[in-house]
Amino acid sequence: MDMVKKLRWKFILVATAAVVIIVVGALGMINAIAYMRMHSQIESVLSYISKNGGSVPPKQTPQDSSWLGDTDWADDTPEFAYQTRFFSVLVNSDGYVKEINIKNIAAFTENEAIQYARTTVQEGKIQGFFKKERASYAYMITKEPSGNFLIVIMDCTRDVGAVQSFLRYSALFGFICILLYVFILAVLCNLAIKPFVRNMENQKRFITNAGHELKTPIAIISANAEAIELINGKNQWTESILKQVKRVSNLINDLIMLSKMGERSQIELSIREIDVSEMVVAVTESFRQMITDQKKNIVCHITPQIHVRSDAKWIYELINILVDNAVKYCDDGGTINVSLIKGKKKSGALISVSNTYVEGAGIDYSRFFERFYRGDESHNSKKNGYGIGLSMASELTQLLKGKMNVSYANGNITFTIKIS
């Protein structure tokens, strides 16, 4: 059934969205921590080198001051001084180079070291990162008490590469996990929605069976009322009985149709070219006397000779539901407007049915398409209805591959259907 398929896909999408949020959030946090830890390590080393005048004393390591935990080089190892690749440049306040140390790096000549040191100063930041070819470097500028500026530039390619690799692999791992989850969920989702499907099928079966069972006593009541009229003549009681019998019969028919609506498919439709203009005219004319009796008005703007390929029976039923709803809920003395024009690309049909509805401001119109929903919660008997019509119209529109929407403006509520 179409409803079950929609429910299945909605379940999969919602569950997948929840997992994506969790996975992306978790991996994002882990990668953010990894990046901050790398940044903290590099900052600690640069600060340590700067405090030692642009060099690293052997057999000493910097103390980690980060709240993220111990760094990779925190062990007291004599190799730290030889593993760290950096150079330093000392300049005065006028930019004159007073001292340069490039013995701990091989990727820069003395001229290149001076050039990059000046470039970092020109950027106006006391620390940051830059790229040279495929290598990554971090720098820190420290002002000494003498007024000189010490510029320390360190190779951090390995640290940056490690973080980038972790980001790539974690993203790939997360993507694979999400795909596996979606696959497993798609296989097992039927088990999750099975109770709902069973309950929905039981409801439909009950409505169908009860509807057919109720038809017999309703028919007997109708026949008896008509027999009484033949014997004793018409009176207000028999007229009331027959009126209520007709009302209950229509309700039963609508319930049975609604219960079977989700089981219909495109294959069951009788597709042929139909004149929508004639159908709209026929439907509006069938309601004209009722509208006049209720002292309401109807205005029609129907473009002639509009043809579409669709199912004539269900198109007629769809238009009938919308006009009936407009008549039923139009304000006393109000106006029903029925419009039919061609689609934007001069193909298909655009049907609009509106009615005066002063109290319609601020209402959640999306609920109008829910089964058995009525805007009048008091179930005022002056507006006969059971909240079935618009639900049927919505499902019919979907069955016919059309689009339906509702809007409210200037005291009028408008239902619009686009049929291809």
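The values are calculated or read from the model by the stated rules, or taken from the named source; none is laboratory data. Just so you know, these numbers come straight off a predicted model, no measurement behind them. Here the Cβ is made from the backbone with ideal geometry for all residues, glycine too, and neighbour counts use every protein chain on show. Heavy atoms of the whole protein, side chains included, go into the accessibility calculation; ligands, DNA and RNA do not. Shrake-Rupley method; radii C 1.70, N 1.55, O 1.52, S 1.80 Å.
Things to note:
- Close amide H contacts of I100 (hydrogens built in the peptide plane, cut-off under 5 Å, sequence separation of 5 or more or a different chain): L90.
- If you take the Cα centroid of the range 166-237 and the Cα centroid of the range 275-294, the two points sit 32 Å apart.
- Between the C-alpha center of the range 9-56 and that of the range 112-144 there is a gap of 24 Å.
- Count Lys and Arg as plus one, Asp and Glu as minus one, and take only other residues whose Cβ is under 15 Å from that of A113; the net charge is then +1.
- Percent accessible area from carbon and sulfur atoms, the range 193-262, protein chains only, probe 1.4 Å: 60
- Annotation for H307 and A192: the two label points, set 7 Å from Cα along the Cα-Cβ direction, are 4.8 nm apart.
- The dipole here belongs to the range 193-262: it is taken about the Cα centre, uses +1 on the Cβ of Lys and Arg and -1 on the Cβ of Asp and Glu, and is about 380 debye.
- Over the range 97-196, accessible surface divided per residue gives 65 Å², non-protein components excluded, 1.4 Å probe.
- A DSSP coil position with no more than 12 other Cβ atoms inside 10 Å describes the following trypsin sites (Lys or Arg not before Pro) in the range 266-297: K295.
- The Rg/Rh ratio for the range 77-208, using Cα coordinates for both the radius of gyration and the Kirkwood hydrodynamic radius, is 1.50.
- Radius ratio Rg over Rh of the range 193-262, counting only Cα atoms, Kirkwood formula for Rh: 1.20
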